[in-house]
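First comes the structure, then the notes that go with it.
Derivation of every value follows stated rules applied to the coordinates shown; laboratory data play no part. Keep in mind that what you see is a predicted model, and the values were worked out from it rather than measured. Virtual Cβ from ideal backbone geometry, glycine too; neighbours counted across all protein chains shown.
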Amino acid sequence: MTMPQHLALSARGVRMEFRNRTGNESSGQTLVALEDVDLDVPDGAFVSLLGPSGCGKSTFLKIVNGLIRQTAGEIQLHRVAKGREDAMVFQDAALFPWYSVTDNVAYGLVCAGVPRKEARKRAQPYIELVGLTGFEDRYPYQLSGGMQQRANLARALAVDAAILLMDEPFAALDAQTRELMQAELLRIWNAARKTVLFVTHQIDEAVFLSDRVVVMARRPGRIIADITIELPRPRALEVKRTQRFVEYEDQIWRLIAGDVRNAATENADG
Amino acid sequence: MASRFALPSLTPVARVRGVMGERLFYGLIGLVAVVVVWEATARMGLYKQSLMSLPSSILRVAIEDTTNGSIWPHIWVSAQEFALGFAAALVVGIPLGLAIGIFRRVDYTVNGLLAGLNATPNVALIPLIILMFGLGLEAKAVIVFLSAFFAIVVTTFTGVQATARRHLEITRSFGGSPWLAFRSVVLPSTLPFIISGLRIGAGRALVGVVSAEILSANVGLGHYIALKAQFLDTARAMFGIILFGLFGLFIGEGIRAVERRFEAWRPELH
Amino acid sequence: MTVDTAAFRVIHPRARRRRHPLMRWYRRNERAVLSGLGVVLFFVLWQIGADMGAIDKLFFSSPTAVAVAGWEEVQNPRFWEDVKISGWELLVGSVVAIVVAIPLGLVIGWYRRLNYAADPWLNFANALPRAALVPIVVLTAGLGVEMKIVVVFLGGVFTMMVATVEGVRTVERQLLDVARSFRASQRRIFTSLIIPGTLPFIVSGMRIAIGRVLAGVIIAEFYAQNQGVGVMIYKASNQFLQGGSDRMMFGILLFTLLGIVLYEAVGYAERYFQRWRPSLDLEETT
């Protein structure tokens with residue numbers, strides 16, 4: 001495919017409604033988690049979805065992954081010759097406690113129909129890529145949080161999908177490990193060259209990692225801004241202290257500040 | 001012995017206690033104390049010896065009956081009844097528990113019947129069972145089955161329902177079939193629960209077999225106990241009871257071995 | 001920016017389905033409907049099997065025959081004598097068991113060393129089948145009502161004690177530390193922490209004990225052979241050739257009913273006391 005600006009993902013008019021089934025009424029309350037979402041993600045780009053809790057960013061990711069079905073609108077995924085177009089990296093409880101690291105990383109392949117033995121073989125280079133060499137036969141309870149997320153990432157990479165969907169993968173880590181993992185992710189992304197759709201609510205994380213930050217708001221969930229990050233690559237963690245970086249952060253914060261304050265004073269709902 | 005154990009005091013008793021661990025130490029003290037008091041009060045004639053017998057005489061008849069071989073047929077028959085009934089409870093109970101956990105409709109339909117079966121004391125069913133199966137091995141095996149069945153079914157389906165939603169999501173996310181999800185997620189995740197059910201069920205089965213034998217049998221450990229008690233040979237009756245306890249310990253260890261083999265991935269077991 | 005649609009996979013939205021109102025009602029009440037259906041199906045199959053000869057009426061009877069026998073029994077004063085005696089044994093044995101088990105359990109659970117010493121004996125006694133102890137109890141208490149009460153008592157007391165001890169020992173370490181840091185007196189710790197914390201375990205213990213005390217009544221009556229609903233079951237089974245299995249099944253179903261009622265009652269109490277507990281201990285569900 002030598003078309004310019006080839007797209008990995010193209011979404012038009014995506015709408016997601018959740019109906020609240022209350023006791024005796026025939027039609028309960030409807031929650032609009034996503035309203036009229038249009039999004040184009042070019043091949044090889046790193047795009048973040050950023051917004052406060054309840055803005056629908058995770059919901060959108062789940063729709064792309066096929067875990068839930070949207071109420072309206074269409075999404076097109078660039079079809080890869082073999083295998084899946086997308087692979088998800090989950091936030092927590094992401095590894096099976098009863099499988100070793102190798103078996104966990106190989107699991108995505110097994111789901112795709114690859115025989116166990118071959119899947120384990122194909123998983124090995126990815127285990128090395130994420131820096132877990134030597135831990136192949138360990139069980140998850142023997143790994144730190146950061147290492148578990150590396151295995152989580154390796155599993156998604158091993159499937160060799162075109163698009164990597166990442167749902168706040170570093171949210172459960174402590175602050176220092178989180179920073180290190182962000183740098184690690186960029187290193188791995190440079191090596192693997194995938195398209196990444198990254199969901200987060202942390203502004204510095206989004207700005208540091210992405211080519212584009214898509215800012216979302218809640219009630220109803222929708223896109224309010226699409227900001228291109230023109231910081232040169234490759235990026236080191238030090239870039240977070242530069243002027244340009246802080247300006248981006250500021251810009252985004254002003255877009256979502258009101259929404260975040262509202263979210264903080266309500267129940268964890270939408 | 002260098003300072004590997006930081007002992008607070010140097011008296012020999014305290015040192016033994018420190019090495020053994022408090023639990024074992026006081027447990028043994030309790031054991032020894034009871035035996036000593038028992039022997040002493042009986043010899044002093046504080047109550048009729050015929051009632052509870054003496055530890056020393058129990059030991060004596062134990063050696064007698066083991067060496068002359070009269071105890072072995074009883075142990076063998078009881079063991080057979082237990083093995084048969086327990087195996088049947090596993091073969092029927094585990095698949096049923098899995099089905100109840102997986103298929104909501106099976107759960108609802110069987111629910112009422114299971115509750116009724118559990119509410120009926122097994123002893124009440126003994127006359128019915130004797131009518132149907134006579135006084136032999138099969139009847140006792142049926143009672144063992146009933147005793148263990150409920151615990152195994154309940155723990156199994158509780159385990160299935162406790163399967164982490166996220167883990168099932170992961171399988172779906174990577175495109176795995178429901179059958180794969182069952183093999184790779186539900187089964188390993190439920191195994192600890194099943195083993196717990198084995199433990200509880202085995203305990204109940206043991207009680208069931210001995211109770212059944214006491215009430216109606218001409219061979220078996222329970223029968224041995226009842227017979228000796230009837231003839232006021234309380235020493236042998238006590239011996240029978242102790243054997244029963246040992247039987248239970250043996251089975252408990254067996255289950256623990258199964259646990260260690262299949263649950264190497266659990267941090268709690270280390 | 002054109003896209004080559006042939007090389008793309010499209011994710012379509014979910015199609016909307018209309019739901020018939022009857023379907024909606026069914027979905028909300030599916031549990032009640034199906035479990036009721038299950039029980040009804042059981043009785044129907046039983047009746048059909050008995051009528052067709054697939055199930056031997058001599059052993060199993062049939063729902064209709066059981067109902068008839070039950071109706072006859074209920075009008076027989078002897079039946080109510082049996083009920084009263086069995087009920088009395090159950091009541092006294094259970095109450096005494098609770099009254100003895102809870103204070104003892106609290107003490108044993110509280111003093112750590114006593115706990116370690118008593119634990120193996122408690123577990124041993126709890127695991128013993130009452131059937132093994134009955135002959136010995138008979139030696140001291142004879143064959144009367146007292147013996148049966150003792151057997152019922154033994155069935156319930158160890159279960160309750162084990163549950164109480166476990167409850168005391170499970171009181172959250174953190175809560176104990178909080179109490180101590182506020183220099184709470186032993187007594188205050190006891191009343192405000194231990195007792196409320198142990199209550200759910202005690203109630204769960206009661207639920208497990210139900211099966212045991214019911215079994216205790218029956219075992220004791222089987223052995224003594226004089227009066228009570230358990231004896232009625234036994235005697236009826238001996239007379240199966242004369243149609244006694246009708247009464248036998250009636251007696252069994254009575255115990256089933258009693259068991260269900262007691263379980264539900266304690267279940268309510270348990271749910272009430274466990275509102276604050278997020279997790280469920282496995283042993284208690286069985």
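Side notes on the structure shown:
- Max mean-square fluctuation residue, GNM over chain B, Cα-Cα springs under 10 Å, options B:ASN118, B:ASN218, B:ASN68: B:ASN68
- Other residues with beta-carbon under 12 Å from the beta-carbon of A:TYR139 carry, at +1 per Lys or Arg and -1 per Asp or Glu, a net charge of -2.
- Helix runs (DSSP H) in chain C reaching 24 Å along axis by Cα, Kyte-Doolittle at least 0.0: C:30-52, C:77-110, C:145-170, C:195-224, C:244-273
- Prolate/oblate/rounded label for chain C (Cα gyration tensor, a/c 1.5): oblate
- Dipole of chain B [Lys/Arg +1, Asp/Glu -1 at C-beta], most positive-end residue of B:PHE86, B:VAL207, B:TRP265: B:TRP265
- Ranked by how many other Cβ atoms sit within 10 Å of their own Cβ, fewest first, the residues B:ARG204, A:ARG155 fall in the order B:ARG204, A:ARG155.
- For C:TRP25, C:TRP121, order by how many other beta-carbon atoms lie within 10 Å, fewest first: C:TRP25, C:TRP121
- Equivalent-ellipsoid semi-axes for the protein assembly as shown (Cα gyration tensor, √(5λ), whole Å, largest first): 61, 34, 25.
- Charge context of C:ALA67, other residues only, Cβ under 11 angstrom, K/R +1, D/E -1: -3
- MRE, 222 nm, helices only [DSSP H, n ≥ 4, -39500 (n - 2.57), over chain A, to nearest 500]: -11500 deg cm²/dmol
- The residues C:LYS235, A:LYS82, when put in order of fewest to most other Cβ atoms within 10 Å, stand as A:LYS82, C:LYS235.
- Cα centre as origin, Lys/Arg/Asp/Glu Cβ charges: the protein assembly as shown dipole, Debye: 660 debye
- Choice from B:GLY245, B:GLY116, B:GLY134 showing the highest fluctuation, given a GNM over chain B with Cα pairs closer than 10 Å: B:GLY116
- Size of charge dipole - chain C - debye, nearest 20, with Cβ of Lys, Arg +1 and Asp, Glu -1, no other charges: 1640 debye
- Highest-fluctuation residue, B:VAL207, B:VAL36, B:VAL92 considered, GNM on chain B with Cα pairs under 10 Å: B:VAL36
- Electrostatic tally near B:LYS140: other residues with Cβ closer than 10 Å to its Cβ, Lys and Arg +1, Asp and Glu -1, net -3.
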